[in-house]
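Only one structure is covered here, and it is reproduced in the block below.
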Amino acid sequence: MATISRLIPERFRWRPRREPDGTMTLVEHLEELRYRLFVCLGAVAAGAVIGWFLFPPIVNLLQNPYCKYWVTVPPSARPTRDCTFFFFGALEPVLIKLKLTAFIALFIALPVILYQLWAFIVPGLTRRERRLAIPFVVSSVLLFALGVAFAYWTLPKALTFLLGFAGSQFSPLLTGDKYLSFVMLVALAFGISFEFPIVLLFLQLGNVVSSQRLRDWRRPAIVGVAVFAAIITPSQDPYTMLAMCVPMWLFYEASIIIGRLMKR
């Protein structure tokens, strides 16, 4: 296959040929980036097809936290007889389905996207660091999924706090678009924040920071994590912020321990 690839003229190749030492010109880097982006777009498109059929069960799953709050509202104060959402425009149902399908597609395509990111930066890494591709992808996906699970776990408490904040004189009448957008933002915020240890380990592998430096920065890091959680959480309620802060603090300590084991 390698011999056949060399016989194909450069202008007809889908992706550029790399030199054995991994060096590439600027044009070759741009062509490589184009190839990686097309692969990612293909993965997202495939995920969108799957997400389109997963839409009904995912909506039911995301609706459960609101329904748990809804049953705590006195029957006389409930705006509807059943736990349901509303829409106020002819286009809102279309936007709701497209938004949630896109979110599902990104989640499904995440392993491919992360692998393409790793493969793009491989020429700048050592042979030993290139072998970390699979652990990087697997751990990143698992941490993102764990963050989404944490977000889902905190939603009932967060909704009880937020929707009941104004008092019993007000009853919630939520639209599907705003509710699902809120849930997706919370899930995305938790998923991104749970990638925190991956970032710290990368910084240690690149000799940007050391485990000793992380230990010295422990107190400022605790404050920084709290500020980050306050900014990135859409609801900014105490339950969601605490649920984000505690794992990130634990991840920080775990990164220090792993860095010491790697002698970084």
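Determine, from the Cβ-Cβ distance of Gln212 and Val246 and an R0 of 30 Å, the FRET efficiency 1/(1 + (r/R0)^6), rounded to the nearest 0.05.
Rounded to the nearest 0.05, the efficiency is 0.80.
Contact order normalised by length for the stretch 42-185, with contacts defined as Cα pairs under 8 Å and 6 or more residues apart; what percent is it? Don't skip to the end; give the middle numbers.
Values: 94 pairs, mean separation 63.8, N = 144.
Taking the mean separation of contacting Cα pairs over the length of the stretch 42-185, I get 44 percent.
Quick query: amide H of Thr175 versus all other amide H atoms, modeled in the peptide plane; which residues come in under 5 Å with a sequence gap of 5 or more or a different chain?
It is Phe86, by chain and number.
Return the tail of the calculated pair distribution for the stretch 157-230, meaning the percent of Cα-Cα pairs more than 21 Å apart.
In whole percent, the long-distance tail amounts to 50.
Measure off 7 Å from each Cα along the Cα-to-Cβ vector at Val199 and Arg78, then give the distance between these two points in nanometres to one decimal.
4.2 nm
With Cβ to Cβ distances under 15 Å as the rule, what net charge do the other residues near Phe161 carry (K, R +1; D, E -1)?
For residues surrounding Phe161, the net value is +1.
Can you put Thr240, Thr101 in order, fewest other beta carbons within 10 Å first?
Fewest-to-most Cβ neighbours within 10 Å comes out as Thr101, Thr240.
Per Stokes-Einstein, at 20 °C and 1.002 mPa s, what whole-number D in µm² s⁻¹ belongs to the stretch 83-214, with the Kirkwood radius over Cα pairs as the hydrodynamic radius?
Once the numbers are plugged in, D ends up at 121 µm²/s.
We did not get these values from a lab; they are worked out from the coordinates using the rules stated. Because the structure is a prediction, the values reported are computed rather than measured. Cβ sites come from the backbone with ideal geometry, for glycine too, and all protein chains shown count toward neighbours.
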